[in-house]
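Readers should treat all values here as calculations from the given coordinates under stated rules, not as data from a laboratory. Just so you know, these numbers come straight off a predicted model, no measurement behind them. Methodologically, a virtual Cβ is constructed for each residue, glycine included, from the backbone with ideal geometry; neighbour enumeration extends over all protein chains shown.
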Ligand code: HEM
């Protein structure tokens, strides 16, 4: 590709320089001895040999031809076009090396690299890029497509069966171990459930699952929803993505880390601000596209901020040891086989994996209910009936289980706007043949990186009737196998129960207390605008929602 890019340039220079070359030869013929011009040439050759040595050391190979050309010309002006030709060709080779599709993957369809780079240059958020460049392949029935991402070519899986097969066989397709320079993993650490494989993953995964299953803190979800309602007073227009972030931050803080960030009442809390800043620094798109930049231009300020934040988590862990509570970290600390680094690493992993994803999910749910008032009203009626039937003002587990339509709304909003668009890459450990749901076969060689593209599977029309529409009823009848917001197989989200009950509790309480709409002039009316938050893509800069019908909440 790089060579192709440089060809027109080479072509132009060849055309421009050939007559000049003829001229210079004619000049040489006319002036066989030193003329001013040829004298200048000779003196350059004789007195500036470093020029030649510099060329050799810079390009280190394939330079003899250029030196020959360089020496054959009577002045630097004459040889400049050739130097440029060489430079562009060399640049072309470098680009070619960087972007060439590996031979073993060339049988697969691919998203062309130029539009991909252009999309990054334009600052498109990942969902927009997938819609533009990847989704057309899914709609055409392809099981997979090659995409250039994070500095290399990866196979994006677009088919639900291939996705399931890849995610189920952990030995054949383990998670790709993140490179050392990756700053998100510097913060999380290399010993956490999402990053490890094999026996360590089995041990840590059991630890996390057992701790998460020990307590489903519905009371805590309700308590914090009431705290949020206090902030909302008697209603009005609120920037909903911000409230959702603060609510989920307090949920994850109190129920998993046993630490109250108090983000709902104190949005300016230093830890909350520091966390947001670090996440923003980590998500620099240039470094996400070209991870090699981490080595070429290390981000020392970001690294320092990350290390300071990691220290804060370390301190929270120390405090937790001294004063245990009723939270996931306390349960994990009971296990004496876990090392300090594993505990710290998993604490940060639970925080990051659990916070931004839930914030995005809550934000999307309320956005869709605002966009479709009839669906909101239907969900509200169901909630009020269920609460009355269970004689409770706030949701209990039994009452929440009697709200299937609310659950369908949550699943449909996670389908249409899934916060985690792509799973962590899996690496094929051996040559494999995979079969898609529509009967196609796909050969994959050992070493190939494979990414399940949830967003594309969730919008594939072969799987979903009118995929672009928000229609919770598609989840009322039965479970839909193509739905994969929490991942697939043994490594699917261990907190999916926690997360859905959090959404069900706060969703039910919102519906019971408020009615909300999207203001007419909202920029989110045509479609929801999003941004990248750590590992998720979530609604951004609103949507501002207009809440009505609230009444004063008593203080905590
Ligand atoms: C709506 C909210 C959430 C969504 C959509 C979500 C989604 C996901 C997905 C798709 C994965 C699989 C990643 C992969 O296979 O590459 C995952 C894994 C994980 N999630 Fe969640 N998640 C949510 C909430 C949470 C919460 C609240 C926590 C913690 C309290 C959490 C902790 C984890 C962990 C530890 C893993 C790694 C599992 C493993 O690799 O074995 N998630 N999540």
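Annotations
- Residues 248, 441, 104, arranged from fewest to most other Cβ atoms within 10 angstrom of their Cβ, appear as 441, 104, 248.
- Ranking of 435, 455 by count of other Cβ atoms within 10 Å, fewest first: 435, 455
- Estimated FRET transfer efficiency when R0 is 22 angstrom, pair residue 311-residue 266 (beta carbons, to 0.05): 0.55
- For the range 386-431, the alpha-carbon coordinates run over 58, 21, 15 Å along the three principal axes, in decreasing order.
- With bins 5 Å wide beginning at 0, the percent of Cα pairs of the range 150-193 falling in each bin runs 5, 17, 20, 19, 21, 15, 4.
- Taken over the alpha carbons of the range 250-340 as equal point scatterers, the Debye sum produces base-10 log I(q)/I(0) values at 0.15, 0.22 Å⁻¹ of -0.74, -1.07.
- Estimated FRET transfer efficiency when R0 is 35 angstrom, pair residue 152-residue 526 (beta carbons, to 0.05): 0.55
- Packing-based exposure ordering (other Cβ within 10 Å, fewest first) of 165, 327, 307: 307, 165, 327
- Counting only Cα atoms, the size of the range 229-291 along its three principal axes is 47, 31, 18 Å, in decreasing order.
- Hull volume in cubic angstrom per residue (convex hull over the Cα atoms of the range 381-481): 137 Å³
- Calculated over the range 204-251, the projected area of the Cα convex hull averaged across directions stands at 4.2 nm².
- In units of the compact-protein estimate 2.2 N^0.38 Å, the range 434-556 shows a Cα radius of gyration of 1.41.
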